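Chemist: This structure is in structure tokens; I'll ask about it shortly.
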Amino acid sequence: MLDEFLNSIKSYPDFQRKWVDDLNQFLKRLDPNSSIIATHGHCPDGIVAGSMIRYDSEFAEIIPIDYWVLNGRGVRERLEDLHWKGIVDLEPFNKRPTEYWVDHHIGVLGKKINSQKIRYDYNGESGSFQLLLSNFLRPMPDKIIELVTLTRITDTASYTFIPPTYELDEDNEILNTRYESLNLENKTAIQHKAYVLDDAVRSISTFEEMQKTYDGLAKEGFIFLFKYKQKINQLRIQRLKEYEIAENLPKADCLVFKFDDGKLTPYSFHRKLLNSKCFVSISVAKVPDGYKLSFRRKKGLNPEMNKILQLHNLAKQFNGGGHEAASGGFTTDFDNFKLEMERWSLKNNLSIQFCDVEL
């Protein structure tokens, strides 16, 4: 089904080719009469939405979709023609009508929505939160609602401190804070737990792991994430090294850092740079067929600066979109991207620096 795309990504990293191959085999085995639901792939919000769907329906076929896959050669045409029951935290890519569609990205404004039931709020903190509010699924238990609460932090990057480097410990008092005392005002506890969710999702490397995570979170809630303890600790050890590199980068209003995909964790790098180096952090990940772009904006800027730094509009210039403060894009021409960014920064009276980053 996705054989053409598989042939086109022969030079991609092993885990990406394996992911597409597993997805390909999954789609070939899929019963067309199944209850098929799509949600965002390697994203805490999409993972939690998947756990909600799994809790609601034991036999639903949940297909995690990343945009680099959805926009791949020959992929969209095949996926958009499936009989989707629901689509969550993704743009409405379906041709056939769905039972429901749920999203919160400002970048989908104006796109055709072919669905019987719609829950959309571009000011909503996360897709899974919108799914919870929609009542499209049966009532969720506290263990799931806690995960949804965490996505209201992860999907808006509403952290007040940078990603931690301490090793994960099941006996950590903060991480064992019970849901009943966990709320958005309990900032320390909720953010530490949100970072565990963030880091666990970034540790998932296979299609099978993703499916097991839906199942595990649906059954156990937050505690299931400790299954990824070893991977999370490895990620945090690398994060400490990345912070040391970030400290040596120059300061500027807009800082653009370029790296080879898979050799850096851009998420942590963004947070470190926005904490002390810049207003806007942009990662440029070199991949076999071009460059993945990630745009992030500093929290707490004044309204005038926020109005200037509408990152979803900037990302649209590079085949992307997303949120005002966090968006993604793609380009095959780095020199043109650099030129356009220099023009953009000059137009908005912002200083800009370009850096190559290596571990």
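The values are calculated or read from the model by the stated rules, or taken from the named source; none is laboratory data. This is a predicted model, so every value here is computed, not measured. Please note: Cβ atoms are built from the backbone with ideal geometry, for glycine as well, and neighbour counts cover all protein chains shown.
Chemist: For the stretch 295-312, state whether one or more residues are in contact with a Cys (Cβ under 9 Å, 6 or more places away or on another chain), crowded, with 22+ Cβ neighbours inside 10 Å and in contact (Cβ under 8 Å) with a residue 40 or more places away in the chain.
Modeler: no
Chemist: If you don't mind, another one. Return the total of residues in the stretch 232-270 being modelled with pLDDT of 90 or more, within 18 Å of Ile204 (Cβ to Cβ) and among the charged types (D, E, K, R).
Modeler: 2
Chemist: Is it true that some residue in the stretch 285-299 is touching a Pro at 6+ places or on another chain (Cβ under 7 Å), farther than 30 Å from Asp56 by Cβ, among the polar types (S, T, N, Q) and not in a helix (DSSP H, G or I)? Show your work before the answer.
Modeler: Within the stretch 285-299, the subset touching a Pro at 6+ places or on another chain (Cβ under 7 Å) is 285, 294.
Applying the additional criterion that residues be farther than 30 Å from Asp56 by Cβ yields 285, 294.
Next cut, among the polar types (S, T, N, Q) only: 294.
Imposing the further condition that a residue be not in a helix (DSSP H, G or I) reduces the set to 294.
Yes: the stretch 285-299 contains one or more residues that are touching a Pro at 6+ places or on another chain (Cβ under 7 Å), farther than 30 Å from Asp56 by Cβ, among the polar types (S, T, N, Q) and not in a helix (DSSP H, G or I).
Chemist: Against the condition at pLDDT 95 or above and surrounded by 21 or more Cβ atoms within 10 Å (Cβ to Cβ), how does Phe337 come out, does it pass?
Modeler: Details: at pLDDT 95 or above: yes; surrounded by 21 or more Cβ atoms within 10 Å (Cβ to Cβ): yes.
For Phe337, the condition - at pLDDT 95 or above and surrounded by 21 or more Cβ atoms within 10 Å (Cβ to Cβ) - is met.
Chemist: Run down Leu168, Leu175, Leu90 and say which single residue is within 16 Å of Ile65 (Cβ to Cβ) and either outside the structural domain of Ser294 (by TED's automatic domain parsing) or not in a loop (DSSP other than H, G, I, E, B) (or both). Outline the logic, then answer.
Modeler: Working: Leu168 fails: within 16 Å of Ile65 (Cβ to Cβ); Leu175 fails: within 16 Å of Ile65 (Cβ to Cβ).
Sole residue among the options that is within 16 Å of Ile65 (Cβ to Cβ) and either outside the structural domain of Ser294 (by TED's automatic domain parsing) or not in a loop (DSSP other than H, G, I, E, B) (or both): Leu90.
Chemist: Residue by residue through the stretch 313-337, note down the ones that are touching a residue at least 24 places away in the same chain (Cβ under 8 Å) and in a helix (DSSP H, G or I).
Modeler: Listed by number, the residues that qualify are Leu314, Ala315, Lys316, Phe334, Phe337.
Chemist: While we're here: Quick one: in the stretch 108-133, of everything that is among the basic types (Lys, Arg) and more than 16 Å from Gly322 (Cβ to Cβ), which residue is surrounded by the fewest Cβ atoms within 10 Å (Cβ to Cβ)?
Modeler: Taking the candidates together, the pick is Lys112.
Chemist: Search the stretch 1-41 for residues being in contact with a Pro (Cβ under 9 Å, 6 or more places away or on another chain) and not hydrophobic (A, V, I, L, M, F, W, C), and hand back the single one that is surrounded by the most Cβ atoms within 10 Å (Cβ to Cβ).
Modeler: Among them, the one singled out is Thr39.
Chemist: Then there is this: Assess whether Val287 counts as being farther than 23 Å from Tyr12 by Cα, of a type in the set (Val, Ile, Thr), within 19 Å of the chain's Cα centre (by Cα) and assigned by TED's automatic domain parsing to the domain that holds Leu314. Give the derivation first.
Modeler: Working: farther than 23 Å from Tyr12 by Cα: no; of a type in the set (Val, Ile, Thr): yes; within 19 Å of the chain's Cα centre (by Cα): yes; assigned by TED's automatic domain parsing to the domain that holds Leu314: yes.
Answer is no for this residue.
Chemist: Listed residues Arg271, Arg343; which is part of a helix (DSSP H, G or I), surrounded by 14 or more Cβ atoms within 10 Å (Cβ to Cβ) and among the basic types (Lys, Arg)? Even if it seems obvious, please write down each step before you answer.
Modeler: Working: Arg343 fails: surrounded by 14 or more Cβ atoms within 10 Å (Cβ to Cβ).
Only one candidate passes the filter, namely Arg271.
Chemist: How many residues are within 17 Å of Arg17 (Cα to Cα), more than 19 Å from the chain's Cα centre (by Cα) and in a helix (DSSP H, G or I) when one looks only at the stretch 31-75?
Modeler: Restricting attention to the stretch 31-75, the residues satisfying the condition of being within 17 Å of Arg17 (Cα to Cα) are 41-42, 63-75.
If we keep only those that are more than 19 Å from the chain's Cα centre (by Cα) as well, we get 73-75.
Remaining after also requiring in a helix (DSSP H, G or I): 75.
Counting residues in the stretch 31-75 that are within 17 Å of Arg17 (Cα to Cα), more than 19 Å from the chain's Cα centre (by Cα) and in a helix (DSSP H, G or I) gives 1.
Chemist: Being touching a residue at least 60 places away in the same chain (Cβ under 8 Å) and within 17 Å of the chain's Cα centre (by Cα), is that true of even one residue in the stretch 344-351? Explain how you work it out, then say what you get.
Modeler: Initially, the stretch 344-351 is screened for residues touching a residue at least 60 places away in the same chain (Cβ under 8 Å), giving 345, 350-351.
Add one more test, that the residue is within 17 Å of the chain's Cα centre (by Cα), and what stays is none.
No.
Chemist: Output the residues belonging to the stretch 46-81 that are touching a residue at least 40 places away in the same chain (Cβ under 8 Å), more than 20 Å from Glu125 (Cβ to Cβ) and of a type in the set (A, V, I, L, M).
Modeler: Ile62, Ile63, Val69, Val75, Leu79 - these are the residues of the stretch 46-81 that are touching a residue at least 40 places away in the same chain (Cβ under 8 Å), more than 20 Å from Glu125 (Cβ to Cβ) and of a type in the set (A, V, I, L, M).
Chemist: Report whether or not Glu244 is part of a helix (DSSP H, G or I), without any contact (Cβ under 8 Å) to a residue 24 or more places away in the chain, in contact with a strand residue (DSSP E or B) (Cβ under 9 Å, 6 or more places away or on another chain) and over 18 Å from Asp155 (Cβ atoms). Spell out how you get there, then give the answer.
Modeler: Details: part of a helix (DSSP H, G or I): yes; without any contact (Cβ under 8 Å) to a residue 24 or more places away in the chain: yes; in contact with a strand residue (DSSP E or B) (Cβ under 9 Å, 6 or more places away or on another chain): no; over 18 Å from Asp155 (Cβ atoms): yes.
It is false that Glu244 is part of a helix (DSSP H, G or I), without any contact (Cβ under 8 Å) to a residue 24 or more places away in the chain, in contact with a strand residue (DSSP E or B) (Cβ under 9 Å, 6 or more places away or on another chain) and over 18 Å from Asp155 (Cβ atoms).
Chemist: Take Ala189 and decide whether it is buried (at least 16 other Cβ atoms within 10 Å of the Cβ), more than 21 Å from the chain's Cα centre (by Cα), hydrophobic (A, V, I, L, M, F, W, C) and not in a loop (DSSP other than H, G, I, E, B).
Modeler: Considered against the rule, which asks whether it is buried (at least 16 other Cβ atoms within 10 Å of the Cβ), more than 21 Å from the chain's Cα centre (by Cα), hydrophobic (A, V, I, L, M, F, W, C) and not in a loop (DSSP other than H, G, I, E, B), Ala189 comes out as yes.
Chemist: Output the residues belonging to the stretch 76-87 that are buried (at least 18 other Cβ atoms within 10 Å of the Cβ) and assigned to a strand (DSSP E or B).
Modeler: Once the filter is applied, which keeps residues that are buried (at least 18 other Cβ atoms within 10 Å of the Cβ) and assigned to a strand (DSSP E or B), the stretch 76-87 yields Trp84, Gly86, Ile87.
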